[in-house]
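The structure appears right after this line, and notes come after that.
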Amino acid sequence: MFKAMLYRVSLLQALAVMIIIALLLPLPLVVLTYVNSTYQNKQEAFTALNTKKFNLSSAIFSESLWNFYPELGQKMLDQLLLDPSVQFVYVKDNEGKLFLGWENKAKISNNDDTLFLNKLLEKEGVMIGSLEMGFKRQDLVDSILSDMTLFGGMIFLQLLFLITVISWIYYYKIIRPIRRLVGHSTLLAQQKLDEPFLWDENDEIGTLGFALDKTRIKLKSFFEALKHENEILDEKVKQRTKELEDASRYKSEFLANMSHEIRTPMNAIMGMSHLMSKTAMNSTQVGYVAKIKEASSVLLRIINDILDFSKIEAGKMDVESIAFDLHKELKKSCSIFSVLAKEKGIDFQCDFVETNRFFKGDPCKIMQIVNNFLSNAIKFTKEGAVVLSVEEQIHDEQTATLTFHVKDSGIGIAKEKQSLLFKAFAQIDASITRKYGGTGLGLYICTQLADMMHGRISLESEEGRGSLFSLTLTLPLAKGIDIQHENSSLDYEPLHLLVISDQKKVSEALSELIRSFGFLSPFAKAVMMSVACFKKEMRASIWLFWIMSWLKKPMGLIFTGNW
């Protein structure tokens, strides 16, 4: 407690208390010494004075008693009574009888308040009687108290003067310079280094002040140099940032272009595989074609993931808001993944019939997330079931919140590793990649797509007990008439499709694939050739031009009307 109090006391208060203690500490000793000395001196003087009175009186009383002359003794007694310190006077003869006497009415006691003196009276060698006198000490005490009061007042004035002088010196030589040091230190801490610290003192604190000013000068030079270096570094950072942004953009463009370069011939490979599967083949050839189609599908999914990742990184991923039939989209996914689940020997269930059918949003991206959940669930489930369910919470007549759940009984994910799943190119561990494959981009892309649609993805899982992935979105409600209106423009009569490309082999493959679906599909190497081809085949009322480019995405241009 005392230590805590010391921490709360300021330096000024502590030094003031120390000065007062230093001045007052010897005061009791000085006072006691003075009182003792004064008392002794007063006591000796008091005794000497009254002894002198006593001796003088004894001579007079001896003459009075020797000559039996009471009148002489009475005159002396009257003189003694004028002294207020005299308490009593007894003059007795040699037989002990009172010859002359007087005493104070106050009670006389043999104590320290009275000085007792007695003496035998003699005359010419003959004892003639005795003399007893008492002197009151109260005057002595009063005198001592008076002197002590005067002495104490003088000591107090001297102490007050000393404290004032010491405090003045202490303030101007210690406190004020220390406060200046504190102020200058505060300016240093605030980096206000332009104003110099001026010191006139030549003592130790002045030396400290000069050192502090030198520190200010050095700090000012240091901060100016640091500011210059920071400006250079900022410029370098801006330059490096621009270079990194350019490199990132070039990387994204490169990935997008390379992915597109690969995807276009991959589509041709898948198309030709499909055409081959329609021809007469033996069982070995059928197996080969199936493996080609399966490998092509896996590679196409990887390419699509890289393309989506590149779009997201480049900030070029857009979200549509169109009316769509949720049940129709879910049925498509269920029909596809039910086949995959059946091939693995696991159950597949869908539950969404109690929700609204028509919403506004981006059905492609919504189903991309749901399909990713379903694909992962089937891939990581050896036995048991995969369940797709949709919960709906209607807020009002315009919006509703949908939660898509995909639950599986697969390998599950440990809680400490779940956050890794939503990072780019991340897998739980290397063994997962070796055993199940994948790029680690799927869930990262899903998370980014959900954020773009103002939704969220959640995960509940325990290792060895399966997983539950959920997508929550708030979507505007739509009406069935909106779907019909948007789809009305797609109800075409049989079309002629013209493929324009400078890659002859790919164009031939795509044209062959298109013709397998019942369309007429000539191809041209360049746009000018396509015009001639179009004039040659003008009898079609509606044409769909499919322009292929190796540096850009495919573009579909629809022309209607009679040419």
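Modelling each spin label as a point 7 Å along the Cα-to-Cβ direction, I'd like the Gln190/Ile169 distance in nm, to one decimal.
Those two pseudo-labels are separated by 3.5 nm.
Starting from the Cα-Cα distance between Leu29 and Glu231, subtract it from 0.36 nm times their residue separation and give me the gain in nm to one decimal.
Gain in length upon complete extension: 65.6 nm.
Plugging the Kirkwood radius over Cα pairs into Stokes-Einstein for region 325-419, at a temperature of 4 °C and a viscosity of 1.567 mPa s, what D comes out in µm²/s?
Here the translational diffusion coefficient equals 91 µm²/s.
Given points 7 Å out from each Cα along the Cα-Cβ axis, report the Asp78 to Gln158 separation in nanometres with one decimal.
4.9
Lysine pairs, Cα distance under 29 Å, 8 or more residues apart or cross-chain: how many in region 191-317?
28
Return an integer: the convex hull volume of the alpha-carbon atoms of region 148-298, in Å³ per residue.
Convex hull of Cα atoms, per residue: 243 Å³.
Using the crude model of +1 on Lys and Arg Cβ and -1 on Asp and Glu Cβ, and no other charge, please compute the dipole size for region 191-317 relative to its Cα centre, in debye to 20.
In total the dipole reaches around 1480 debye.
Order 364-377, 150-163 from most to least packed using the mean count of other Cβ atoms within 10 Å.
Details: 364-377: 21.2, 150-163: 12.0.
Going by the mean number of other Cβ atoms within 10 Å, highest first, we get 364-377, 150-163.
Give the peptides 444-454, 288-298 in descending order of average Cβ contacts within 10 Å, highest first.
444-454, 288-298
Please give the contour-minus-distance gain from Ile178 to Glu261: 0.36 nm per residue of separation, less the Cα-Cα distance, rounded to one decimal in nm.
Additional length available on full extension: 22.2 nm.
Could you grab the relative contact order for region 46-142? Cα pairs under 8 Å, six or more apart, rounded to a whole percent.
Averaging sequence separation for qualifying contacts and normalising by length gives 30 percent for region 46-142.
How long is the gain from Met452 to Lys293 if the chain were fully straight, where each residue apart is worth 0.36 nm and the alpha carbon distance is subtracted?
Contour length minus the Cα-Cα distance gives 54.0 nm.
Cα atoms only, region 55-198: Rg and Dmax in Å?
Over region 55-198's Cα set, Rg and Dmax evaluate to 35.1, 109 Å.
Where nothing but the Cβ of Lys and Arg (+1) and of Asp and Glu (-1) is charged, how large is the charge dipole of region 46-142 around its Cα centre, in debye to the nearest 20?
Details: 11 positive and 14 negative charges, 17 e Å.
Dipole of region 46-142, to the nearest 20 debye: 80 debye.
Given Cβ point charges of +1 (Lys, Arg) and -1 (Asp, Glu) and nothing else, what value in debye, to the nearest 20, does the dipole of region 184-234 about its Cα centre take?
Here region 184-234 has a charge dipole of around 140 debye.
Every read-out reported here was derived from the displayed coordinates using simple, explicitly stated rules and does not represent laboratory data. Just so you know, these numbers come straight off a predicted model, no measurement behind them. Please note: Cβ atoms are built from the backbone with ideal geometry, for glycine as well, and neighbour counts cover all protein chains shown.
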